[in-house]
Amino acid sequence: MIYNNIKNVSISTRGIYWSHYSESNKVLVLTPQEHTDYITQIQTILKQPKNVKFGKAIHTDSLCSIPRFKLKEYITQNKLKRTSRQDQCDTIIVDKNNFNSTLAFFRHPNQMAYFFKDADLELTRTVMLEYLDSQQYLAQYREEIQKMTHNNICFTINDDVYESNTFSNASVKKLVNASKVEKLWVDNLYRNKTIESMIGLLDFLKNNPNVNIIFDEDIMEILNSDGIELDNEYIDTLNSMFESGQTDNIKLAVEMLSNVNLEKDSLTIALILNKYQHLFTHGSGVNPSSMSSFKSIDKYYRSRGINWKSDWRIFAGGLYSNYKNVPEHKLTIEKFILDNINAFLNSPSTSNKFIIDSIGLDLQ
């Protein structure tokens, strides 16, 4: 359950922490079973096979990162119906990264805590006023304490404090001992609108199991299927533009990559981006991830675990996981890895003059 407009008071061996920073703070409180059910639900969705089957009404919102103009054009051309109302749809398009980030959120360690609500208000006020006095907070917070009700405050107590019965002061101990406490999974949703929206989506899907989920990345392949196919001349042009070092040329090259047939040439695009990643460092004036035309393609790679802006070893692992089942792609990746190994072995800091001419790859 999500509690709205909550002052969350956390008690630990170090004292008391009070989330007085926002009147609109939200706290997510789940039983261990609810917490497990969310994780299982997300894992099941992430394991679903590639799916681009549209129903009678498609819904998209902030959880979808496909550029609106591209999606609108596709829906119009294919005479599909889009609805802004989630309750009237049978298909929802969602950025797969949102499921991955929500799964990571639910896997945060040390979020289990002893939780109680509807605590004795007088004891609560006493504890909080003593805390304010010790921390020399402003008078406005004292006024807030006096106005506290059961509906705008909740307490969490760390395991080590509750189980060892080692409270910071007598008032806290009295409050805890006078309250009904339950061990639950608790986390703040302060400034975490995406997670809140994802929880709402998961709850909706739980009650509407027949609603179809389509990932952004699968739609992007379709949207770019009529894009430009890379040939040697096009690649040479891109290389020249990147190697010029001129910001305008680099931005235009990224723009050109955004119009390439992603379904056929995603491996080549990734290799080009990795080759010139040094051009996109902080302060360079070029950040492909923030360019509207390229943003969805960047997410396409990240959702597949392909980190093109990384060391070749990390990058190669993502490539191999995604493309190893296509013989031609597998050979391309092996050559990429082999070239990098040889470059490392024959770097200027060594006196090596030998070369590895073949390797065999497989994932452990």
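Go ahead and collect, in residue order, the members of the range 161-202 whose backbone nitrogen is under 16 Å from a label point 7 Å along the Cα-Cβ direction of ASP120. Only 169-181 pass the distance filter.
Along its first, second and third principal axes, ordered by size, the range 224-310 spans 32, 30, 21 Å in Cα coordinates.
Kindly rank 178-187, 79-88 from highest to lowest mean number of other beta carbons found within 10 Å of each residue.
Ranking the peptides 178-187, 79-88 by packing returns 178-187, 79-88.
Karplus-derived 3J(HN,Hα) values for the range 76-85, using 6.51 cos²θ - 1.76 cosθ + 1.60 with θ = phi - 60°, are 5, 4, 9, 6, 8, 10, 10, 10, 7, 9 Hz; glycine and proline are entered as x. Under 5 Å between amide hydrogens, built in the peptide plane, is the criterion, and for LYS183 it picks out PHE115 among residues at least 5 positions away or on other chains. For the chain, the alpha-carbon coordinates run over 77, 62, 41 Å along the three principal axes, in decreasing order. For the chain, the dipole from Cβ point charges (+1 on Lys and Arg, -1 on Asp and Glu) about the Cα centre works out to 600 debye, to the nearest 20. 3J(HN,Hα) couplings calculated from phi for the range 224-237 with the Karplus curve 6.51 cos²θ - 1.76 cosθ + 1.60 (θ = phi - 60°) are, in sequence order, 9, 5, 9, x, 6, 8, 5, 10, 4, 5, 5, 5, 4, 5 Hz; Gly and Pro show x. Highest mean packing comes first when the peptides 54-60, 311-317 are listed by Cβ atoms within 10 Å, giving 54-60, 311-317. Summing Cβ point charges (Lys, Arg +1; Asp, Glu -1) relative to the Cα centre of the range 224-310 gives a dipole of roughly 580 debye. Maximal additional length on extending the LYS173-ASP248 stretch stands at 20.5 nm, based on 0.36 nm per residue less the C-alpha distance.
Using the Cβ-Cβ distance between LYS180 and PHE204 with R0 set to 35 Å, the FRET efficiency from 1/(1 + (r/R0)^6) comes to roughly 0.65.
Measuring between their Cα centroids, the range 161-206 and the range 68-106 lie 32 Å from each other.
Multiplying the sequence separation of PHE354 and ASP226 by 0.36 nm and subtracting their Cα-Cα distance, what value in nm do you get?
Values: separation 128, 0.36 × 128 = 46.08 nm, distance 4.44 nm.
Length difference between fully extended and current span is 41.6 nm.
Rounded to the nearest 0.05, the FRET efficiency derived from the C-beta distance between MET256 and ASN78 at R0 = 22 Å is 0.25.
Across the chain, C-alpha contacts under 8 Å between residues 6 or more apart give a mean separation that, scaled by the residue count, equals a relative contact order of 19 percent. Applying 0.36 nm per residue to the separation of SER310 and ASN100 and subtracting their alpha-carbon distance, the gain on full extension is 73.6 nm.
Using the average count of surrounding beta-carbon atoms within 10 Å as a protection proxy, the listed peptides 196-207, 256-267 rank, highest first, as 256-267, 196-207.
Computed from the coordinates by the stated procedures, all read-outs in this text should not be read as laboratory data. Keep in mind that what you see is a predicted model, and the values were worked out from it rather than measured. All Cβ positions, glycine included, derive from the backbone under ideal geometry; neighbour counts span all protein chains shown.
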